[in-house]
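Below: one structure, written as structure tokens.
Readers should treat all values here as calculations from the given coordinates under stated rules, not as data from a laboratory. Quick caveat, the model's predicted, so the values are computed rather than measured. Every residue, glycine as well, gets a Cβ built from its backbone with ideal geometry; the counts of neighbours run over all protein chains shown.
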Amino acid sequence: MSADSVLPAPRARLTQRPGFWAGVAVAALGVTATLGAMLIRGQSGGPLPQLGALPDFTFTRHDGQPFGSTQLRGKPFVANFIFTRCPTVCPAFTRKMVGVQDATASHGAGLQLVSFSVDPKYDTPERLTEYGERHGADFSRWSFLTGDYEQLKETIVQGFKVSMGREPGAPEDDLLSIFHGTHFVLVDDAGQIRGYYDSADSDSTERLIRDTRRLAQTGH
């Protein structure tokens with residue numbers, strides 16, 4: 001597990017064994033610094049904090065087409081991190097994304113939603129399409145991405161600063177060995193991260209919706 005991973009999944013909602021997570025370090029950017037900047041912003045009424053620029057990325061969308069920074073340029077988006085055979089937190093995390101989709105429907109395709117698979121070897125475009133359909137995804141604005149595992153990990157851990165990985169030595173079918181962060185990440189139309197939001201905290205997800213609307217309307 002990289003020490004650069006900013007937001008490890010909360011222990012109560014792990015997708016893998018608690019013992020492994022005991023050694024997961026909190027972040028280079030730091031949850032405290034991130035939340036502190038967001039709190040100051042909320043108290044001052046100032047713009048959303050700028051928490052780092054994403055690197056360019058391109059993966060494969062659920063429809064088999066290339067999709068990434070180029071297609072997202074000029075559009076804010078909300079990202080989350082899931083895998084389709086997840087037995088624990090992913091269905092709830094995806095339902096929360098459905099709530100974001102519904103609450104921001106008035107923005108149309110100008111506000112994108114992007115779910116990155118942390119199990120790309122299994123999550124083919126066909127499986128991601130079925131998963132999205134099952135959860136009621138509006139594919140005109142919600143993309144499910146798969147691709148090369150190491151490239152995805154680089155983008156998620158080093159770019160989004162969110163944890164992702166697998167317990168070393170675990171067999172392929174050991175789903176509880178797969179772990180990933182359960183924060184939403186809000187990104188602006190220039191590829192700057194503007195906020196992290198705990199998907200298990202209703203106040204946090206409500207704040208995500210408010211900040212998402214604000215970003216889509218004002219750009220800051």
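Summary table
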quantity: Pick from region 167-192, criterion in contact with a helix residue (DSSP H, G or I) (Cβ under 7 Å, 6 or more places away or on another chain) and part of a loop (DSSP other than H, G, I, E, B), ranking: surrounded by the fewest Cβ atoms within 10 Å (Cβ to Cβ); calculated: Ala170
quantity: Residue tally, condition in a loop (DSSP other than H, G, I, E, B) and surrounded by 14 or more Cβ atoms within 10 Å (Cβ to Cβ), over region 51-62; calculated: 5
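Rundown of residues vs (1) of a type in the set (S, T, N, Q); (2) in a helix (DSSP H, G or I); (3) crowded, with 23+ Cβ neighbours inside 10 Å; (4) free of Cβ contacts under 8 Å to residues at least 24 places away in the same chain, yes/no style:
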site	(1), (2), (3), (4)
Gly64	no, no, no, no
Phe67	no, no, no, no
Phe81	no, no, yes, no
Cys86	no, no, no, no
Arg95	no, yes, no, no
Gln101	yes, yes, no, no
Ser106	yes, yes, no, yes
Val114	no, no, yes, no
